[in-house]
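Structure record follows, encoded as structure tokens.
The values are calculated or read from the model by the stated rules, or taken from the named source; none is laboratory data. Just so it is clear, the structure is predicted and the values come from calculations on it, not from any experiment. With ideal geometry, Cβ positions are generated from the backbone for all residues, glycine too; neighbour counts draw on all protein chains shown. Keep in mind that these areas ignore ligands, DNA and RNA; they rest on the heavy atoms of the full protein, side chains included. Shrake-Rupley method; radii C 1.70, N 1.55, O 1.52, S 1.80 Å.
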Amino acid sequence: MLTFLARRLALGILVMWLVTVIVFLIFYIGPGSADVARALAGRDAPPATVALIAHRLLLDRPWYVQYGHFVWELLHGNLGFDYYHDEPVTSIVAQGIPITLSLIVGAAPIWLLIGVLTGMYSARHPRSVLDRVFTTFALTFYSTPTFVLGVLLILLLYYQLTIHGIALFPGSGFTPLTQNPFEWFRGLILPWLTLALVAAATYTRLTRSSMLDVLGEDYVRTARAKGLGERRVVWRHALRAALTPIVTQFGIDVGTLVGGTVITEQVFGLPGLGWTAVHAIEEQDLPVIIGIVIVASAAVVVANIVVDALYAFVDPRVRLH
Amino acid sequence: MTPPGASAPSELGTQTEDPHLQSAPATARSIVGRSPWRLAFERFRRDRLSLVALGVIVVIVLVAIFAPLIAKGTGHGVYTQYPTAGLTPAGLPRPPNAVFPLGTDDLGRTLLVRIAYGARVSLLVGVLATLLTVSIGAALGLVAGYFGRGVDTLIARAVDVMLSIPFLLFAIALASVVSVTPLHLGPFTLGKGVPIVVLVIGIFSWATVARIVRGQVIAIRNREYIEAARALGASSWRIIVFDVLPNVLPTIIVYATLLIPVSIVAEAALSYLGVGIPPPTADWGSMIADAQSYYQQAWWFLTFPSLALLTTTLAFNILGDGVRDAIDPRGTAFKA
Amino acid sequence: MTVETPVSDSDGLLLSLEDVVKHFPVRTGSWLGRGRREVVHAVDGVSLSVSRGETVGLVGETGCGKSTLARIALRLLEVTRGRVVFDGVDLTALSARHLRSYRREMQMIFQDPYGSLNPRRRVGSIIGEPFAVHGTVTRSQRRRSVQELMELVGLNPEHYNRFPAEFSGGQRQRIGVARALALRPKLLVCDEPVSALDVSIQAQIVNLLARLQQELHLTYLFIAHDLSVVRHLCDRIAVMYLGQLVEVGPVGELDVTPRHPYTQALLSAVPVPDPDDTARHRRVVLTGDVPSPIDPPSGCRFRTRCPRARQVCAEQVPPLEVRAGSGPDHRTACHFPLDPGEPLGSLEVPPPPVLEEGRQ
């Protein structure tokens, strides 16, 4: 078990290292970097100023010097400084993380609950009216791009309600939890719904097919044959087996969301990691982009390790591979 | 050499073995044999919902192809701004009316024609990005699965890395880097527009395909018919193309069908974020982004492009489900 | 090591396996991630030759290494040690490119009529694949040649465009035979070609193979897990146990007077036509399981299950050689071979207990 975890961890570190290489290749010596110094210096700056800036940012050094410096700083937990305000990237990231996490923490239980419950109902009553309704909803939300759902929710639940005097939700903005828990909650309901409805669709479909598979297995038939109540068969015997792919998907989705709430944050104007990244991209503020990409990749890697570890804990066969 | 016991049939049993198959009158239908593809097609033909979805897609494709005709018919160009007829005196979009059936946008352009032209971008990027994704993914998956060993380890690590990269962040970063400084690849220059969007989507989506294909190939690799092909002296490439590929093709096709709507959404999302297809090209994603500033004044500006996008992805997803059910009725293709 | 002399003159030798060894490295018990590297001794020093026109049966229980040996004979697997000489050429030394031209002359018929045909290809394309690979028949001629082959093996040539799924097991095996014959090979290795078929179909395929051998002057290496099938088809039989040959001899002699206890046990498992003929049908049931090929017993590998085993059996490997009372081509690897007609049981003098060294 320990060896398995160690191996999994080593793989995670390897993956992270490769991510830094790719990030570095794209941004530092990629096509964008040449213009950074000029952009920073301003349009009419003399060449000497441009060169000075380039020198300060190590942009005039060979790539391996730049990469060595980059990794060295990274290993010290230093993601560099923002080009424009000299703010440490770590603190910029730290500002965004609570907002992104708020989004995930609220949305994840919603989609998990909706998805698993509807999926289980559908699997237990296939071809029933409700099954068809759930399946249709799932397919529809599954097909809905996040930003389309977001803007439509704003249009219908915020704007239409507000102009009719029911101001349930604010249109955008973020209130920290510590400042006012109620406003925090109120402000996040629509973003949560946006994220959760799209994700729940996947879970409805996944739970339905996984559960249908399990209900067809011999041991479930055996459990029924020996006279166990249907409730017990479904909740104790079948669900446990059907949950495996769902838990895997859930772990990976949560990890991916750290860098995947870009659209939701953009739609609702929430200054989380994704929003910050988009604005950094507009300004070509490389250190900030890189910092966020690395944090988000790390979240995926960590989530994968956690899922694998849980998996190995639950199902010893996995450790063989 | 002793003949077998008297009880065993001593003749070469062309008749005894299966008289029905052997001596049945040779009608063309029974001789040709129904290929797995034909069986899948016949299953698909009975799936009414998928047929409707296919019909919707055909309509969307026709709209995309004949978008210039729609422009001509309405008399409104896709880029033409109508400052008086298309905007209210306050400079806001006009609601649907006899002149502009779906209303106008913030610059006084006709939404109907722009949505029709938007279908071109969506379909083009959706199909091209899917082709690119599937080509890269299938090729790497086949090679990794068939050859195993070092090649497999290398590709499997690459898949791990690609799956750890936050797609959207990387995609917008890469797309923006390239759009500021065009990328020169030999004679080709990649700047803003369809090629770079296709490339970005392809680069960041192949890993899943590779993983699925690799799993299937590993399941097939040790079948006896692969060994039989080796015993005949067939080269590895011949075996991959003629023996392995036909058996993973159903999975690849199912996955590709389901990938088209994903690619369409990815393109729309990139454009929504302002790093996809640059204006003034008509694009659903950037139309929705523009419309978001006017949702209080012009619901049609937001709603119609959204509906167009939603209808398209929904139709493709229904079609994809139908294709999967037809090709892989027992649902085994993705279990590998 | 005894190098076998062929039945006919040495010019007639088609295939000769010389002290072939095949070890598979495996990892065992590795859920902690530190599994031991161990070695499966699949084939351990087998020498066997097949003459032109001859049919040699290779018999043994599941897992004794006979299928591995068959694949080594065609170099579908690489040897760990030893040589495979085919028609005077050492196959183990050939480069991949040279090997391909030799593949024409040796073909294989597989055990599983379902797994050995690609379900996504039409029968015509499966049988015609050898032509396509080696370019021996032009594209326009291919259909004709394939249909001739189909006729040769007793298939309806009009079924050219069907898929394997539309055929019965026996017909599928005929397709496999047709494919193997397409290149007019000299040697056909049949890996349990009938064991997956219904008993009523088995005889048809065996008869087909017998007829084809006469018509096409084929040489067979025929693998089976019991003697009932091979005794009708083969000239000589080689019995394999746990990666080694225990007895080789002409079918008539080995069948009637087996010298190795294991052969005797195998023979007794075969049903005889007349159940009242109890003199011949004294059933011997072996006790115990086949030992693990990862850790085979010392000395004679059969000793752990042999009622006649004695001290020397654990200490010395019995050589495969002609024993007193056998014919010149009949070799047995046993320290205490059975006398002709002697029933399998313990020796009169009770042997000292078998040393169990090396096994737990």
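Legend: mean number of C-beta atoms from other chains within 10 angstrom of residue C-beta atoms, peptide C:156-162, equals 5.
Charged side chains reduced to their Cβ positions (Lys and Arg at +1, Asp and Glu at -1) give segment C:98-216 a dipole of some 600 debye around its Cα centre. Expressed as a whole number of Å, what is the distance separating the alpha-carbon centroids of segment B:41-86 and segment B:245-300? Between the Cα centre of segment B:245-300 and that of segment B:41-86, the gap is 16 Å.
With all protein chains kept in place, the per residue accessible area of the protein assembly as shown amounts to 45 square angstrom at a probe of 1.4 angstrom. Residues of segment B:230-247 whose accessible area (probe 1.4 Å, heavy atoms of protein chains only) drops by at least 10 Å² once all protein chains are present, relative to their chain alone: B:Arg230, B:Ala231, B:Leu232, B:Gly233, B:Ala234, B:Ser235, B:Arg238, B:Phe242, B:Asp243, B:Pro246, B:Asn247.
Are there residues in segment C:94-124 whose accessible area shrinks by at least 30 Å² when all protein chains are included rather than the chain by itself, and which are they (probe 1.4 Å, ligands and nucleic acids not counted)? The answer is C:Arg100, C:Arg103, C:Gln107, C:Phe110, C:Gly115, C:Asn118, C:Pro119, C:Arg120, C:Arg121, C:Arg122 - residues whose exposure falls by at least 30 Å² when every protein chain is included. Remark: mean inter-chain Cβ contacts per residue of B:261-269 equal 3, using a 10 Å Cβ-Cβ cutoff to other protein chain atoms.
Helical runs (DSSP H, four residues minimum) scored at -39500 (n - 2.57) apiece and divided by the length of the protein assembly as shown put the mean residue ellipticity at 222 nm at -17000 deg cm²/dmol. Note the angle between two axes, namely the Cα long axis of helix C:199-216 and the longest principal axis of the Cα atoms of chain C, as a number of degrees from 0 to 90, rounded to the nearest 10. Roughly 70 degrees, rounded to the nearest 10.
For the peptides A:192-203, B:299-310, A:83-94, residues were scored by their other Cβ atoms within 10 Å and the scores averaged per peptide; the highest-first order is A:192-203, B:299-310, A:83-94.
Given labels modelled 7 Å from the Cα in the Cβ direction, how far is it in nm from A:Thr248 to B:Val59? Placing both labels 7 Å beyond Cα along the Cβ direction yields 3.9 nm.
Placing +1 on each Lys and Arg Cβ and -1 on each Asp and Glu Cβ, with no other charges, gives segment B:206-251 a dipole about its Cα centre of roughly 140 debye. I need the shape label for chain A. Rule: rounded when a/c is under 1.5, else prolate if a/b > b/c, else oblate, with a, b, c from the alpha carbon gyration tensor. Cα axes put chain A in the oblate bin.
Rolling a 1.4 Å probe over the protein heavy atoms leaves A:Lys226 with an accessible area of roughly 140 Å². Taken about its Cα centre, segment A:90-320 carries a charge dipole of roughly 1320 debye when the Cβ of each Lys and Arg holds +1 and the Cβ of each Asp and Glu holds -1.
The label point for C:Arg184 and the one for C:Glu78, both projected 7 Å from the Cα toward the Cβ, are 3.4 nm apart. Comparing Cα centroids, segment C:204-260 and segment B:301-327 end up 63 angstrom apart. Under the membrane-span-like helix rule (DSSP H runs whose alpha carbons stretch at least 24 Å along the helix axis, mean Kyte-Doolittle hydropathy -1.0 or higher), chain A yields A:2-27, A:89-124, A:181-215, A:239-257, A:286-314. What the Cβ-Cβ distance of A:Arg132 and A:Arg240 gives, at R0 = 25 Å and to the nearest 0.05, is a FRET efficiency of 0.40.
Residues considered: C:Val39, C:Val239, C:Val20. Largest GNM mean-square fluctuation over chain C, using C-alpha springs under 10 Å, is found at C:Val39. In terms of its C-alpha gyration tensor, the protein assembly as shown comes out prolate, because a/c is 1.5 or above and the ratio a/b outweighs b/c. Annotation for segment C:54-92 versus segment B:108-122: alpha-carbon center distance of 69 Å. Axis of helix C:169-181 versus longest Cα principal axis of chain C: the two differ by about 80°, to the nearest ten degrees.
The long axis of helix C:139-152 is offset from the longest Cα principal axis of chain C by roughly 50 degrees.
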